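Working notes, structure below.
Here, each number is a calculation from the coordinates, and none is a lab measurement. Every value quoted in this text rests on a predicted model; they were computed, and no experiment measured them. No Cβ is skipped: glycine too gets one built from the backbone with ideal geometry, and neighbour counts run over all protein chains shown.
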Amino acid sequence: MTYELASLLYLVASICFILALKGLSHPESSRRGNYLGMAGMTIAILTTLAMPGVGNEWLILLGIVIGGTIGTLVALRIKMTALPQLVAAFHSLVGLAAVFVAVAAFYNPSAYGIGVPGNIKVASLIEMAVGLAIGAITFTGSIIAFAKLQGLVSGKPVVFPMQHWLNLGLGIALIVLSAWMVVETSSTAMWLIAIIAFALGILLIIPIGGADMPVVISMLNSYSGWAACGIGFTLENPLLIITGALVGSSGAILSYIMCKGMNRSFFSVILGGFGGDSDAAAAAADEGDKTYRQGSADDAAFLMRNATSVIIVPGYGMAVAQAQHVLREMADLLKEEGVEVKYAIHPVAGRMPGHMNVLLAEAGVPYDEVFEMEEINREFSDSEVAFVIGANDVTNPAAKTDKASPIYGMPVLDVEKAQNVLFVKRSMSAGYAGVDNPLFYMDQTMMLLADAKKMCEDVVKALEA
Amino acid sequence: MSDLKGQIDALKSEVDSLSQRLGELSDQAQGLAASSGGVEAVSAAAAESGGSATIFGLTVLVLAVFVGYHVVWRVTPALHSPLMGVTNAISSVIIVGGLIAAGTEGATFSEIMGFIAVTLAAVNIFGGFIVTYRMLAMFKKKPKPAAKA
């Protein structure tokens, strides 16, 4: 195969990838998009294998079979609640693969036509250093994100004095080492870059708290794209550059959406330290004299059965309690009684962008009953019941009124506008952000203090009775 | 005597024509020199454009970022998780770099590096596309007989 033909086929693969993303504008076209993505990847791999000078087919096949088997088994077995961890783990692999490709290119540059060992084009060396560093940061950063999401380490932010200065110092060290690597074509410098970038990846993610994980996942998604992009520059391969840019911008946009959903600046998330228990104590202090109304499953069933419209507000707590299936059962029973049921999703509900939608879809909730915050917020005032399950901070009216609140300015669901608010919660403690929720003490609110799944089961029983 | 004069005249005209020819030749030589200078300039330009693969890459990058920006903003928020799944899968296109390294015989160390990269990226390709497939298969429309009876 000539290089011209290979370039042309790479272009076809790039177009497949663009169409794969474009397909995701609607659930119906999304499946075709996914197939196009697979087709693009197949074209890219086969084209590369058919290029002159690429041999070792059996070795390569072995690698693909081993990797493919592991990937397939993991993807088929993973529970949808564990999706965020899985994605974090996958990002780490892209990062590590980028590191290995950069190292391979350094030791055998002639394979890529960018020079001979010890005498590599300056531009390629710079790009190699960039790709290597981003890849290494993506690798360890994603490992830490994975460990936090999987609960292997505490989700609490790890902060220590001089943390940001240390990170800055390591960043400067990376630049100095890159200059050394470029000027001297030094392998020592290259390995040092890898080691320091590995350390930096860990240090960048440990101060970020569990509540900010949606941003972190999106950010690492973006990094993995830029790593591929950097390698694409090194190898002078437009396919890698295009794909890397698509993934990089996708992750960046998702990070932006997540930050906006929490009313936090990107930098405050990156710098971390949010979501600790420092202000939880302050919130607990003034809890004493407030009274709230507690209800039972029977009360909830009665209220909802006699309503004409119910809006369900699910949050991460629902996923933790695995309550989505019984919740859907409850909604089905209500629909049989002629109640209109809708779901309202906050942009940062769950542990990754769009996580709630996947969990509801898994439970069999049709996607046209699920609405985004902007679409449904005005409908709360017309509905009799808002059923909040496993969500807290995203319903807090203090975000709209109380300038002193740490979550002031965060866009929230206008749950308090509904005639009745049913709030399923395990206890009266504060949410992730450590902020008390005035919604609990409002006249129209009835607290259903129980495990989310247990409560839904009881409501289902009461509805069936 | 007149014969001799005639011969001298003939010689003179001969010399004239010769010098003229010489001038022409030197012109030609200069022209050649100029054109060969041109060749040098062209080959230098070619080397330059070969060296500016980075600029070419940058062009591709910027255009691709624009495409990515517009395509991703049109993705419905309900499908943001599958978006991450599919972008994760396609970012493994980095396998191309691994394939070339693993496929270039005679450089054991970088072959091993390439092999590892291929294996890691393959986990991602299969895992990413399959998990996205599973997610998308779950998104179903409301069944036709509407719930509101």
Query raised in the report: Within chain A, which is the longest segment containing none of the trypsin sites (Lys or Arg not before Pro) that sit in a DSSP loop and have at most 12 other Cβ atoms within 10 Å?
Result: A:80-289
Query - Note, ³J(HN,Hα) from phi for the stretch A:58-63, Karplus 6.51, -1.76, 1.60, rounded to Hz, x at Gly and Pro - result: 5, 4, 5, 4, 4, x
Report summary line: Checked the stretch A:1-85 against the a/c 1.5 cut and the a/b vs b/c comparison, axes a ≥ b ≥ c from its Cα gyration tensor; verdict oblate
Query raised in the report: Lys/Arg Cβ at +1, Asp/Glu Cβ at -1, dipole of the stretch A:1-115 taken about the Cα centre: which of A:LEU11, A:SER29, A:GLY113 is farthest positive-ward?
Result: A:SER29
Requested in this report: Just tell me which lysines come within less than 17 Å, Cα to Cα, of A:LYS156; anything on the same chain fewer than 8 places away is out.
Outcome: A:LYS148
Query raised in the report: What's the angle, to the nearest 10 degrees (0 to 90), between helix A:238-262's Cα axis and the longest principal axis of chain A?
Result: 30 degrees
Report summary line: The helix A:83-107 Cα axis meets the longest alpha-carbon principal axis of chain A at an angle in degrees, between 0 and 90 and rounded to 10, of 10 degrees
Query - Spread of Cα-to-Cα distances over 10 Å intervals beginning at zero, given as percent, for the stretch A:395-465 - result: 19, 44, 29, 8, 1
Query raised in the report: Can you give the average number of partner chain beta-carbon atoms within 10 Å of each beta-carbon in peptide B:55-61, as a whole number?
Result: 6
Query raised in the report: Other chains near A:46-54: what is the mean number of their Cβ atoms within 10 Å of each residue's Cβ?
Result: 3
Query raised in the report: For chain A, what is the calculated [θ] at 222 nm in deg cm²/dmol (nearest 500), taking -39500 (n - 2.57) for each run of four or more DSSP H residues and dividing by its residue count?
Result: -19500 deg cm²/dmol
Query raised in the report: Roughly what angle does helix A:187-205 make with the longest principal axis of chain A, taking Cα atoms, 0 to 90 degrees, to the nearest 10?
Result: 0 degrees
Report task. Could you let me know the centre-to-centre spacing of the stretch B:49-107 and the stretch B:110-129, using Cα atoms, in angstrom? Result -> 16 Å
Requested in this report: With a point put 7 Å past each Cα toward its Cβ, work out how far B:VAL15 is from B:THR108 in nm, to one decimal.
Outcome: 8.0 nm
Query raised in the report: Relative contact order of the stretch A:102-158: what whole-number percent is it, with Cα pairs under 8 angstrom and at least 6 residues apart?
Result: 21 percent
Query raised in the report: Any idea how many Lys pairs in the stretch A:356-465 come in under 19 angstrom at the alpha carbon, given 8 or more places apart or on separate chains?
Result: 5
Report task. Take the Cα atoms of chain A, find their three principal axes, and give me the spread along each one in whole Å, biggest first. Result -> 77, 50, 33
Report task. State whether the stretch A:320-459 is rounded, prolate or oblate according to the following rule on the C-alpha gyration tensor (a ≥ b ≥ c being the square roots of its eigenvalues): a/c under 1.5 gives rounded; otherwise a/b larger than b/c gives prolate, and the remaining case gives oblate. Result -> rounded
Requested in this report: Evaluate E = 1/(1 + (r/R0)^6) for A:ALA404 and A:MET428, where r is the Cβ-Cβ distance and R0 equals 22 Å; express this FRET efficiency to the nearest 0.05.
Outcome: 0.60
Query raised in the report: Going by the alpha-carbon gyration tensor, a ≥ b ≥ c the square roots of its eigenvalues, is the stretch A:62-162 rounded (a/c under 1.5) or, if a/c is not under 1.5, prolate (a/b greater than b/c) versus oblate?
Result: oblate
Report task. Write out the trypsin sites (Lys or Arg not before Pro) in the stretch B:86-149 meeting two conditions: DSSP loop, and at most 10 other Cβ atoms within 10 Å of their Cβ. Result -> B:LYS148
Report task. Starting from the Cα of A:ALA179, step 7 Å along the direction of its Cβ; do the same at B:SER26; then give the gap between the two resulting points in nm. Result -> 5.5 nm
Requested in this report: Please give the FRET efficiency for A:LYS290 paired with A:GLN444, using the beta carbon to beta carbon distance and R0 = 22 Å, rounded to the nearest 0.05.
Outcome: 0.90
Query - Inter-chain Cβ neighbour average for residues A:68-79, partner chain, 10 Å - result: 6
Requested in this report: Please give, to one decimal in nm, the separation of the simple spin-label points placed at A:PHE267 and A:PHE160, each 7 Å out from Cα toward the Cβ.
Outcome: 2.5 nm
Query raised in the report: Can you list the residues of the stretch A:20-49 with backbone N under 13 Å from a point 7 Å past the Cα of A:GLU375, pointing along Cα to Cβ?
Result: A:25-28
Report task. Normalising by the residue count of chain A, find the relative contact order in percent from Cα pairs under 8 Å and 6+ residues apart. Result -> 14 percent
